[in-house]
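The values are calculated or read from the model by the stated rules, or taken from the named source; none is laboratory data. Since we're looking at a predicted model, the values are computed, not measured. Cβ coordinates were reconstructed from backbone atoms using ideal geometry, including for glycine residues, and neighbour counts include every protein chain displayed.
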C-alpha cells in the first residue's frame, strides 16, 4: 500500500510539474514619446509561427489595450488562426496600446462637458488630443514596430466606444494610415455628432482603398443616449 501511495504521489507531482509550464502571450514594453511627451507602454503578441518561419505578418493595433483586453483579443485571434478551427483568420502581430489619459487621447474635439439634449453626460479635464495621438501612432509607434518586427504593410486599427470614435475619426481624416478598420460601437453622439459633421464636410473619394467593418451595440437600456445616428 505504501508503495502504491508513493507511485500515486510521484505521478501527481510529475503531472503538476508538467502543468506548471508558463504560457506566454506576449511582452510588455514602452517607448519614450516626443509627441506625447511621456513614456507610452504597449504590449506585443507574436503568432506561434513567427520564430519558425520567415513570413511577414499583418499588424493589429488594439486601442484601450489594457492587459485584460489584450489577453482576450489574443486568445480569440490565436484560436481562430489555428488548424483546429479551420484557419478562419490569418495569423497576425497584435500591438495593444493602453491608455494614459483616455478622454484626452481618443476624442477629436475639446469639451469640458459632454451634453446631450441639455443633459450633462460627463465632465472632463482634458479632451481633444486625438490628432496628437494619431501623430504618435504614425511617426513613433508604427515605425518602431515595423523596424523591429517582420510586417507585411497591412495595418488594422481596432477601437471600441471612445476607441471607436478615434478609429472613425482616423478613418475620416487620416484614412491611409491603416488598411483595415474595425470600429466597434463608436461614441457617435460625441460633440453634437462630430463624426456626422466631419463626414458631411469632406470630399468623398470614389474608391477608398481600405476595408471597414462597423459594429453597433444594442444600448436601448439607456434610451436615446444609446442610439447611434452615425450615417
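Residue 149 fulfils the conditions (1) crowded, with 20+ Cβ neighbours inside 10 Å; (2) modelled with pLDDT of 95 or more except for a single criterion, (1). All conditions but one from (1) surrounded by 19 or more Cβ atoms within 10 Å (Cβ to Cβ); (2) under 24 Å from residue 133 (Cβ atoms); (3) more than 12 Å from the chain's Cα centre (by Cα); (4) without any contact (Cβ under 8 Å) to a residue 60 or more places away in the chain apply to residue 92; the one that does not is (4). The set of residues in the range 161-172 being surrounded by fewer than 21 Cβ atoms within 10 Å (Cβ to Cβ) and in contact (Cβ under 8 Å) with a residue 60 or more places away in the chain consists of 161 alone. Quick one: would you say residue 135 is surrounded by fewer than 18 Cβ atoms within 10 Å (Cβ to Cβ) and touching a strand residue (DSSP E or B) at 6+ places or on another chain (Cβ under 9 Å)? For residue 135, the condition - surrounded by fewer than 18 Cβ atoms within 10 Å (Cβ to Cβ) and touching a strand residue (DSSP E or B) at 6+ places or on another chain (Cβ under 9 Å) - is not met. Looking only at residues of the range 107-123 that are out of contact with any strand residue (DSSP E or B) (no Cβ under 7 Å at 6 or more places or on another chain) and within 30 Å of residue 140 (Cα to Cα), we find that the one that is surrounded by the fewest Cβ atoms within 10 Å (Cβ to Cβ) is 110. Report, by residue number, each residue of the range 195-206 that is loosely packed, with under 12 Cβ neighbours inside 10 Å and modelled with pLDDT of 65 or more. Answer for the range 195-206, where residues must be loosely packed, with under 12 Cβ neighbours inside 10 Å and modelled with pLDDT of 65 or more: 200, 201, 202, 203, 204. The single condition among (1) under 15 Å from the mean Cα position of the chain (by Cα); (2) part of a helix (DSSP H, G or I); (3) surrounded by 19 or more Cβ atoms within 10 Å (Cβ to Cβ) that residue 142 does not satisfy is (3).
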